[in-house]
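Scroll down for the structure; my scribbles are underneath it.
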Amino acid sequence: MRRLLFALLVGMAAVTGAEDAHAEMVDFEALNGWREGGQLEALEAFLVTCAQLDAPWWRPVCKLAGDVPKDDASARAFFELLFRPVIIGKPPALFTGYYEPELNGSAVRTPTYAWPLYRRPPELTDGSVYYSREQIEAGALAGRGLEIAWIDDPVEVFFLHIQGSGRVKMTDGSVIRLGYAGRNGHAYRSVGQEMVRRGIYAAHQVSAQTIQSFVRRNPGLGNELLNHNPSYIFFRRIRDLPAEKGPIGAMGKSITPMRSLAVDPAFVPLGAPVWIEKAGRAPLQRLMVAQDTGGAIKGAQRADIFFGYGGAAGDAAGIVRDGGRMVQLLPIDRAWALTGGN
């Protein structure tokens, strides 16, 4: 989705990062809410990407996962038999949320549909530093035929860049699906943190909704704030992706609402089950799967929860900024190798 890394590099980074961080094995009984169910849904999400886990400690569990009876008790027993919970890093965690936006678009530019979504320029190479957001917004790519669609709201375009994938409802009634195709090489900078630094909002007041509202009320200053983040995302059309399927994650497969996490693959191996205990106004205790990544997701106790697509999902995701803890479920031999049984 918005967070692509080559699978081999991801695997190597996950091993190195985990071994460099504090690791502690705990019992399943220490997972708050573990007995309350939901493991079957998590197992089904795990199976979506399990075949891509080719490290020797994953192969046996992935081979058995498809034969587990389709009920919660059997799924829970599968995880308890073949995995051990491991806390990597030092809680508290930081949880945020993301979603797949749905925008309004046109195949041609009009006075209403005036803000472009660009495909990746052919000269852009991975790791290179390209035009900044401000330069691109000022027209650095204009006239090259790179536009995929034209959108009616520049704020929605900005937040599509943050999310990295989305759906565009075109004026002819069709819907196109967009996925991540690359970035301009500039580091992500938080608009919310800049608003706090300038005294516009206190830290606890900042959410996606407050940023959107402020920018729309103050277009001049708002545009300056959006350009504070020089990172810029390019997109590609994803064809033949059914409407009921989630967007494509970092493992090249559709991700699952409320079961897929974006993580830092330097500490959490992509494809691994992760138990989360999220605090805040809407506490959440459930088994999820690390199937995505993100430029702002850094650290062993950091995750972005995928809420689904559309306005309701965006409203729910936009207010999440909560503590808690993350516990990885790792195959037994891998868990012992990282912790020494401690």
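Annotation: ILE276 fulfils all but one of (1) in contact (Cβ under 8 Å) with a residue 12 or more places away in the chain; (2) under 21 Å from LEU178 (Cβ atoms); the unmet one is (2). Selection over segment 134-173 of residues that are of a type in the set (A, V, I, L, M), open to solvent by less than 30 Å² (accessible area, probe 1.4 Å) and not in a strand (DSSP E or B) gives a count of 6. The set of residues in segment 266-292 that are in a loop (DSSP other than H, G, I, E, B) and open to solvent by less than 10 Å² (accessible area, probe 1.4 Å) comprises VAL268, GLY271, ALA272.
Can you report the number of residues in segment 298-319 which are of a type in the set (A, V, I, L, M, F, W, C), crowded, with 23+ Cβ neighbours inside 10 Å and either more than 15 Å from the chain's Cα centre (by Cα) or within 17 Å of GLY249 (Cα to Cα) (or both)? Before you say what the answer is, go through the steps one by one.
In the first step, residues of segment 298-319 are kept if they are of a type in the set (A, V, I, L, M, F, W, C); the result is 300, 303, 305-307, 312-313, 316-317, 319.
From what's left, crowded, with 23+ Cβ neighbours inside 10 Å: 300, 303, 305-306.
Narrowing further to those that are either more than 15 Å from the chain's Cα centre (by Cα) or within 17 Å of GLY249 (Cα to Cα) (or both): 303, 305-306.
Count: 3.
It is to be established whether one or more residues within segment 209-225 are among the hydroxyl-bearing types (Ser, Thr, Tyr) and closer than 21 Å to LEU103 by Cα. Steps first, please.
Of all residues in segment 209-225, those among the hydroxyl-bearing types (Ser, Thr, Tyr) come to 210, 213.
Restricting the remaining residues to those that are closer than 21 Å to LEU103 by Cα gives 210, 213.
There is at least one residue in segment 209-225 that is among the hydroxyl-bearing types (Ser, Thr, Tyr) and closer than 21 Å to LEU103 by Cα.
Among the residues of segment 195-208, the ones that are open to solvent by less than 50 Å² (accessible area, probe 1.4 Å) and under 20 Å from TYR98 (Cβ atoms) come to 4 in all.
Flag set for PHE46, criterion: at pLDDT 95 or above and in contact with a Gly (Cβ under 9 Å, 6 or more places away or on another chain). Apart from one condition, ARG281 fits all of (1) under 16 Å from the mean Cα position of the chain (by Cα); (2) more than 27 Å from ARG177 (Cα to Cα); the exception is (1). One residue is enough: does segment 110-119 have a residue meeting the conditions closer than 30 Å to ILE305 by Cα, in contact (Cβ under 8 Å) with a residue 40 or more places away in the chain, surrounded by 15 or more Cβ atoms within 10 Å (Cβ to Cβ) and hydroxyl-bearing (Ser, Thr, Tyr)? Yes, segment 110-119 contains a residue that is closer than 30 Å to ILE305 by Cα, in contact (Cβ under 8 Å) with a residue 40 or more places away in the chain, surrounded by 15 or more Cβ atoms within 10 Å (Cβ to Cβ) and hydroxyl-bearing (Ser, Thr, Tyr).
Of the residues making up segment 67-85, those that are loosely packed, with under 14 Cβ neighbours inside 10 Å and either among the basic types (Lys, Arg) or at pLDDT below 95 (or both) number 1.
Taking segment 323-342 as the range and being assigned to a helix (DSSP H, G or I), open to solvent by 10 Å² or more (accessible area, probe 1.4 Å), out of contact with any Asp or Glu (no Cβ under 9 Å at 6 or more places or on another chain) and of a type outside the set (Phe, Trp, Tyr) as the test, the residues that pass are ILE332, ASP333, ARG334.
The values are calculated or read from the model by the stated rules, or taken from the named source; none is laboratory data. No experiment lies behind these values; they were computed from the predicted model shown. When we count neighbours, we look across all protein chains shown, and the Cβ atoms used for this are built from the backbone with ideal geometry, even at glycine. Keep in mind that these areas ignore ligands, DNA and RNA; they rest on the heavy atoms of the full protein, side chains included. Shrake-Rupley method; radii C 1.70, N 1.55, O 1.52, S 1.80 Å.
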